[in-house]
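A short reminder: the numbers here are calculations on the coordinates, not readings from a lab. Worth saying up front: this structure is predicted, and the values here are computed from it rather than measured. So basically every Cβ, Gly included, is an ideal-geometry build from the backbone, and we count neighbours across all protein chains shown.
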């Protein structure tokens, strides 16, 4: 579906007067506080969040999937959907593919299609947590950590194949989420499982092109419930330090036990120059993959507080970060959910940009706990949505993305084009 940009202009025209009032009020306040609003707008506009191909269809649970209509049935249609999102918000300028769900049959044609929507290819993701059709050996008892060298070799070869697909598309990174682990005590030797995994990682690392990175994701549990090989940020960091400078940790906000201090983890990764990027989502009980900012918006802000401080600090030497959503739910329109998630991410980023850094550092140096809290919460409680809307307006996007999406009946149009029982591939 190609979006008629004149519809965005009509939407913005109807909303412009109220938007301008809100923007003028916020601009006056921020200017009085010493902020350059134009500089903030430039940073907001430049901040792009990649969309994963698997989030474009309705997800589900092990109990069932309640798919909606008009979902993308092919890689081409997934790219079209991300193109739609980017046209609406001008903040979703990249797509992240999952192999083998999204193997391009003609890489050049896929590249051209993505370019027509002004999209790039973010990190490519491997999959050794499922057995695929015509696969010789099973990953039931692990992949890169398996006791059988043949299984490990098969998983290594898959990751190297994913790298090759990424090279063909212009990607620059490989993300590995390893589900390997155990369900019962005594099932495996922890030390040897780690060493086997490290050996597998090293072979994949050796296949990386010079300018590439590998992101090592971690998760404390699921699908295995006694142990996971890459269970936490410490394990991820340890693997990365052993592998080399191209290896970086990837933080999925859902991959933590309840009440984990994720912002402190982010700070540690930054301190070591080993933070690769994020899979943004939200959770209530476990790895729920809910809409970003729907459950813990203040935690998201605190994470961005650490990120902005680290990105601005001369003491931190960390590579450029990769930002991506990783959501999977079973009741919302996936495109509406993604629009909401991008908005929540950029809102937390904008709030972190208006923190009074000098005042915060002074309060921290003087152990003024109350003032430090006041400074953070003043930024968090500031309604920065007019800044996000203005950045979109200047870029030719919609002032209110979800409202525009609904006014334009986009899901209804997709159902007409693809059918009421068109379900996304790969999920």
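Need one number: % antiparallel among DSSP beta bridges in region 5-418, to the nearest 5.
Values: 5 of 29 bridges.
Once the DSSP bridges in region 5-418 are tallied, antiparallel ones form about 15 percent.
For the residues 366, 407, 306, what sequence is obtained by ranking on other C-beta atoms within 10 Å, fewest first? Walk me through the numbers before you get to the answer.
On the way: 366 10, 407 14, 306 20.
So the ranking, lowest neighbour count to highest, is 366, 407, 306.
Largest GNM mean-square fluctuation among 309, 320, 71, using the chain with Cα springs under 10 Å: 320. Label-to-label distance for residue 168 and residue 74 is 1.6 nm, based on points extended 7 Å past Cα in the beta-carbon direction.
The relative contact order of the chain, computed from alpha carbon pairs under 8 Å that lie at least 6 residues apart in sequence, is 22 percent. When only alpha carbons are used to place a centre, region 32-47 and region 295-353 end up 17 Å from one another. I need the shape label for region 1-40. Rule: rounded when a/c is under 1.5, else prolate if a/b > b/c, else oblate, with a, b, c from the alpha carbon gyration tensor. The shape class here is oblate.
Secondary-structure-derived ellipticity at 222 nm for the chain, considering helices only, amounts to -15500 deg cm²/dmol, per-run term -39500 (n - 2.57) for DSSP H runs with n ≥ 4.
Taking a ≥ b ≥ c as the square roots of the eigenvalues of the Cα gyration tensor of region 178-299, is the shape rounded (a/c under 1.5), prolate (a/b larger than b/c) or oblate? Write down the numbers at each step before the final one.
Working: a/c = 2.08, a/b = 1.18, b/c = 1.76.
Judged from the Cα gyration tensor, region 178-299 comes out oblate (a/c at least 1.5, b/c at or above a/b).
Here the Gaussian network model covers the chain, with springs between Cα atoms less than 10 Å apart; of 381, 152, 196, 381 fluctuates the most.
If you take the Cα centroid of region 255-277 and the Cα centroid of region 160-180, the two points sit 23 Å apart.
Which residue fluctuates the most in the chain, going by a Gaussian network model with Cα springs under 10 Å, if the choices are 338, 178, 23? With Cα springs under 10 Å in the chain, the top fluctuation among 338, 178, 23 is at 23.
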